[in-house]
Each structure stands twice: as C-alpha cells, then as structure tokens.
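Right, one structure below, let's go through it.
Every number in this text was worked out from the coordinates using simple rules, so none of it is lab data. Predicted, not measured: the structure shown is a model, and the values here were computed from it. Here the Cβ positions follow ideal geometry from the backbone for every residue, glycine too, while neighbour counts run over all protein chains shown.
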Protein chains: 2
Amino acid sequence: MKNIVIIGAGNVATHLSVALYKANYNILQIYSRTQQAAKTLAKQVNSNFTNCFEEIDNSADLYIIAVLDSCIKQIVAKAVFRNKFIVHTAGSVPVTVLETISKNYGVFYPLQTFSKDVALDFSQVPICIEANNTNNETELYTIANNLNCKVYSINSKERKRLHLAAVFVNNFTNYLFTVAYNILDDKNLPFEILHALIKQTTEKATNNIPADVQTGPAKRGDIDTINKHLQMMNNNKDFQEVYKMLSNKLMEDL
Amino acid sequence: MKNIVIIGAGNVATHLSVALYKANYNILQIYSRTQQAAKTLAKQVNSNFTNCFEEIDNSADLYIIAVLDSCIKQIVAKAVFRNKFIVHTAGSVPVTVLETISKNYGVFYPLQTFSKDVALDFSQVPICIEANNTNNETELYTIANNLNCKVYSINSKERKRLHLAAVFVNNFTNYLFTVAYNILDDKNLPFEILHALIKQTTEKATNNIPADVQTGPAKRGDIDTINKHLQMMNNNKDFQEVYKMLSNKLMEDL
C-alpha cells in the first residue's frame, strides 16, 4: 500500500497528500481537471500530475478520491482505475457509491476543516474509516496510524450524522463569527478584542457538555437585554432574525 | 487604590477577586445577598464578608459592583458606599448608571465568559475600561495592567456593541455546540470526535477574517446535501429550523 494516486487537488487533497508524502508514502500522481492545481500540488509531494482522466496511472496500490462530495458520482462514472483499492474522503457520501467500480473500496474521511493556505498539524485530524471488508479496513487503519491520527470506525450512516454535526460546529459557528465581525467592524471596533472570548468558549465546550456551560441573556431569560440588542440591529434584519431565533431556542430550553 | 470591596460573589466577582488578590490587592470585603456565596469567595481571597447591605465597609478605595447586568440598578438604588470610587463590570449597562451615587465612577468590563469552576488565566482576559474623568481612567488602566491584561478604552455605546457581538460568538456558538452534541449523542456517537474541528474552526476564524474562511454546503450552494441534512433532522423541528435559517443566510451571501 505504498503507491498512491490522488484524485483532486483542493483543500482536502492538498493536506492529505502532503501528510501522506511526509509519512513516506509515494504519491505517484495527482489528477485535477485544473492543470495548474494538479501541478502545484504535485510539486509539493514530488509526484506526476495530469488533468486528463485517461492518463491516470493504473499501477497504484490505492486511489483516493478527494473531491467535493457533490462531484464523487461524476468521478465514479468515468473511473478508469477500476478494480483497484479505491476510497473517497467525503462525509456525506455512502461507501457504496464505489461498489460498481471495484471489489475493494472504502472511506477515509478526515473530520476537519481544511484551507490550502492554513497550516495544520495533520496528526490532530480524526480519521473516520469504513471499508467493504476487514482486510481493507485494516489497511486504512494502518495508513491513519502512520499519519499519527486518531482513528474511528464509522459506518456511512454515522458518517452522514457526523458531517451534519460538523456543519453546526464549523460552518454555522463561523457564520456567527462573521456576524460578530460585522457588528464590530461597522463601528470600527477590532474583532481581535473577541479572540480571547472565542478561545475560552471553545475551551469550555470541549472540556464540558456544552449545555452545562451555556450562559447569556437568553439563558437567563433577560428579556430587557435581548430587546436592547434587537434594537441595536435595526439596520440589519438578517442579524436580527438570527439573534431572535437562537435566543428563542435557548429560552425554550429554560 | 489598594483596598477593594467586591459587590457580588458570582462568576465574574469570583474570577476578578481572585485575580486582584493574586496581584496583591487587598480585598477588604465581599458582599453577596447569599451569605454562603459571600463566605466561599471571601475564604479564597482572605477577606471579610457580609450579606447585609448596611454592613458594607465604607473605608475602601474602590467598590466593584460585579453582579448581573439586570441587578445593577437595584444595587445603585440602595448603595451605602456613596462618594467612593465605584465601578461596575457589566457589558450592557452605561457608565452613567453610577453618576447619582458618586463623583468618581467607571466601568471595568472583562470581556470573557466565566464559570466559577472553570480555571482561567486572567491575564488572557481583555479589559474594557471607561471612567468619568482621566484620573479615574488612569487608575483603572493601572489595575488592568497589574493583572497583566490587555486594556481597551471603550465607551458605553461601544461596550454595548461588544456585548452584543459577544452573545454571537459565545452564547449562540455554544448553542450550536449543544445542537451538535445532541445530534451525535442521539446515536451514541462521541462529541469528542468533533473537538479537533471545533478548535481548528476557532483557530482559522481568529487568524483570518471569518468570512474569508467560510466553507460548507450552504456556502457552496450544495442544495442536495442541505436537503439530505434537513431530512435527517425530521425528528427535531428546532434543529431543522436553525439549520434552515443559517443556511439561507449563508446562501444569500453567495
């Protein structure tokens, strides 16, 4: 399981390829429909690259499809690397999407948010694995172990659920950060002043059950403060709506 | 400015008193309407305590009212420590609430989330100060400096805005964590598996402008995944509503 072809050159593909390369795997080839993206990543992991599907190397031990969840079906439809060990890295796509093109398939889902330009210690990434049989699962387990990652055996249904939960803690949380950024920026107040609070919020929620450390006006049923806050957002109905809904949810739990 | 009386024995009062005590301030007395709370905190900072308003020591240099925002007016109404240097610690209450009881007043607002039982490095807490004159502002600045805190001069209007932004990044974010916790717990999946993602989300949002690192199905306009996610929450209309609203907000920005 030494020679690997990576399909994709986006955020996940980039971080995963680099981590594999550093762990002494041989990245044989990078495929991306964008030649420049393939080339950039290939350079980082000392591999070949192509933007032509027919040119994908057929001698690898493992093919990792690391593209957007919504693009996996497309890749599978035109897969030229049939009957190889093939895995995808998507949270919301069942493992069985690969069963038509190989007898050996699985999922290697890194439960993390990746940006090409943001450095990341890959050993801190939890890997959720699934495979069509025990042998293949063991292979994936070994790879995750060689990357020093925490590994979890997670089936497709569970993985979909994790992906949903991840949307709440990552995508939606970041949206709330954006709202706060804009509320401050509007009056030239630096977002930096909230950094310590953001860090402590995370610290508390990961060292406790989040519901146990909930605070704030809505949690206290402090209608007076809530109304003052709503009034301050009269110039932004979107922020007002979000504030109102989340406060109501918190108050329902009182 | 060495002798301090603390009004309150809750989360903020506790962390602030302990920090002041460690920085060699003399905590003269703790007041709380709950005798046990006053006693517990007093023990930690080697001070007297009382639950009787009339017994509040009138020889202190500084009186810090560290109670819930909604209780400050009440305290002011019956204040026996008139014409002393008096500050409050509330985000949403203007400094002028204190002008009827003293000529020397201000605000010492620690922009952080406090729980009595959660240890905290107080030097990481940003302090927002405001005072009725430059002398008093300098006094507060010195105290914050002695606690090794970052200090910001923030007027009452700005502080209200910071408090509003803090609700988004702390209270509402923690609510999203609670939703994620429940989504996983419902199927016996450990919340711990999301910890790395939560930490990286914070890391990215504090090292960048949050909007620049936004990802996820809604950001990509991936309606297919969004609909699948909504379906998975058919048994919880609250979570579904929150998901729908936040996804819509993110898609409006596309």
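Filter A:157/B:204; A:73/B:244; A:160/A:219; A:244/B:237 down to the pairs with a C-alpha to C-alpha distance above 20 Å, please. If you can, show how the numbers build up before the last one.
Numbers: A:157/B:204 29 Å; A:73/B:244 26 Å; A:160/A:219 30 Å; A:244/B:237 16 Å.
Where the Cα-Cα span goes over 20 Å, the pairs concerned are A:157/B:204; A:73/B:244; A:160/A:219.
Restricting things to alpha carbons, tell me how big segment B:107-199 is in terms of Rg and Dmax, in Å.
My reading of the Cα-based Rg and Dmax gives 17.7, 59 Å.
Which one of A:177, A:162, A:202 is farthest out on the positive end of the charge dipole of segment A:160-252, using unit charges on Cβ (Lys, Arg +1; Asp, Glu -1) and the Cα centre as origin?
Result: A:162.
On a 0 to 90° scale, report how tilted helix A:237-252 is relative to the longest principal axis of chain A, with both axes built from alpha carbons and the result rounded to the nearest 10.
80 degrees
How many angstrom separate the Cα center of segment B:107-183 from the Cα center of segment A:84-129?
Their Cα centres are 40 Å away from one another.
What FRET efficiency do you get for residue A:96 and residue B:211 if R0 is 25 Å and r is their Cβ-Cβ distance, rounded to the nearest 0.05?
The computed FRET efficiency comes out at 0.10.
DSSP loop trypsin sites (Lys or Arg not before Pro) in segment B:76-172 with at most 10 other Cβ atoms within 10 Å of their Cβ, which ones?
Numbers: sites: B:78, B:82, B:84, B:103, B:116, B:150, B:157, B:159, B:160, B:161; in loops: B:78, B:82, B:84, B:103, B:116, B:150.
Passing sites in segment B:76-172 are B:78.
Along the Cα→Cβ direction, 7 angstrom out, place labels at residue A:119 and residue A:248. What is the inter-label distance in nm?
4.6 nm
Which length gain, in nm to one decimal place, applies between residue A:135 and residue A:192 when the Cα-Cα distance is subtracted from 0.36 nm times their residue separation?
15.6 nm
Below 12 angstrom from the Cβ of residue B:44, what's the summed charge of the other residues (Lys, Arg +1; Asp, Glu -1)?
Once positives and negatives cancel, what remains is +4.
What is the angle, in °, between the Cα long axis of helix B:156-166 and the longest principal axis of the Cα atoms in chain B? Nearest 10 is fine, range 0 to 90.
Approximately 40 degrees, to the nearest ten.
What is the dipole size for segment B:109-251, taken about its Cα centre, with +1 at each Lys and Arg Cβ and -1 at each Asp and Glu Cβ, in debye to the nearest 20?
Charge dipole of segment B:109-251: 400 debye, to the nearest 20.
How many times 2.2 N^0.38 Å is the alpha carbon radius of gyration of the protein assembly as shown?
My calculation over the Cα atoms of the protein assembly as shown gives 1.14.
Over chain A, what number does the Rg to Rh ratio reach, with both radii from the alpha-carbon atoms and Rh per Kirkwood?
Here Rg/Rh amounts to 1.07.
Could you work out how far apart the two model spin labels at residue A:59 and residue A:80 are, taking each label as a point 7 Å from the Cα in the direction of the beta carbon, and quote it in nm?
Result for the modelled spin labels: 1.5 nm.
Need one number: % antiparallel among DSSP beta bridges in segment A:3-154, to the nearest 5. It would help to have the intermediate numbers written out before the result.
Details: 5 of 28 bridges.
Restricted to segment A:3-154, the bridges split so that about 20 percent are antiparallel.
What do you get when you divide the Cα radius of gyration of segment A:3-154 by 2.2 N^0.38 Å, with N the number of residues? Let's see the in-between values first.
Working: Rg = 13.8 Å, N = 152, 2.2 N^0.38 = 14.8 Å.
Normalised by 2.2 N^0.38 Å, the Cα Rg of segment A:3-154 equals 0.93.
Per-residue mean of other chain beta-carbon atoms within 10 angstrom of the beta-carbon, peptide B:19-26? Don't skip to the answer; put the middle values down first.
Numbers: counts 0, 0, 0, 0, 0, 0, 0, 0.
That works out to 0 on average.
Counting Lys and Arg as +1 and Asp and Glu as -1, each charge on the Cβ, what is the dipole of chain B about the Cα centre in debye, to the nearest 20? Provide the component values of the computation, followed by the final result.
Details: 25 positive and 23 negative charges, 67 e Å.
Value, rounded to 20: 320 debye.
Can you say what percent of the DSSP beta bridges in the protein assembly as shown, counting only those with both residues inside, are antiparallel? Round to 5.
20 percent
Output the relative contact order of chain A, whole-number percent, from Cα pairs under 8 angstrom with separation of 6+ residues.
RCO, chain A: 12 percent.
Tally the DSSP beta bridges in chain A and give the antiparallel ones as a percent, rounded to 5.
Antiparallel: roughly 20 percent of the beta bridges in chain A.
Using the Cβ atoms and a cut-off under 15 Å, what net charge is assigned to the surroundings of residue A:207, where Lys and Arg are +1 and Asp and Glu are -1?
Counting the neighbours of residue A:207, the net charge comes to -1.
Relative contact order of segment A:3-154: what whole-number percent is it, with Cα pairs under 8 angstrom and at least 6 residues apart?
In percent, rounded to a whole number, it is 19.
Write out the trypsin sites (Lys or Arg not before Pro) in segment B:162-254 meeting two conditions: DSSP loop, and at most 12 other Cβ atoms within 10 Å of their Cβ.
Hits after loop and neighbour filter: B:187.
Rounded to the nearest 20 debye, what is the charge dipole size of segment A:3-154 about its Cα centre when +1 sits on each Lys and Arg Cβ and -1 on each Asp and Glu Cβ?
240 debye
Using helices alone, I'd like the mean residue ellipticity at 222 nm for the protein assembly as shown: each DSSP H run of four-plus residues gives -39500 (n - 2.57), total over residue count, nearest 500. Spell out each step's value before the answer.
Numbers: 20 runs with 216 residues, N = 508.
Dividing the helical sum by the residues of the protein assembly as shown leaves -13000 deg cm²/dmol.
Can you tell me, using C-alpha contacts under 8 Å and at least 6 residues apart, the relative contact order of segment A:142-251 as a whole percent?
After rounding, I find 14 percent.
Considering every Cα-Cα pair within segment A:160-252, what fraction, in whole percent, is farther apart than 18 Å?
56 percent
If you take each beta carbon of peptide B:86-97 and count the beta carbons of other chains within 10 angstrom, what is the mean?
Counting Cβ atoms of other protein chains within 10 Å of each residue's Cβ and averaging gives 1.
Starting at the first residue of segment A:191-199, write each ³J(HN,Hα) from the Karplus equation 6.51 cos²θ - 1.76 cosθ + 1.60 with θ = phi - 60°, in whole Hz, x for Gly and Pro.
4, 3, 5, 8, 4, 4, 5, 4, 5
Against the longest alpha carbon principal axis of chain A, how many degrees, from 0 to 90 and to the nearest 10, is the axis of helix A:134-146 turned?
Computed tilt is about 70 degrees.
Counting partner chain Cβ atoms within 10 Å of every residue's Cβ in B:214-226, what's the average? Don't skip to the end; give the middle numbers.
Values: counts 6, 8, 9, 9, 4, 3, 3, 1, 4, 1, 3, 11, 1.
Mean shielding by partner chains, rounded to a whole number: 5.
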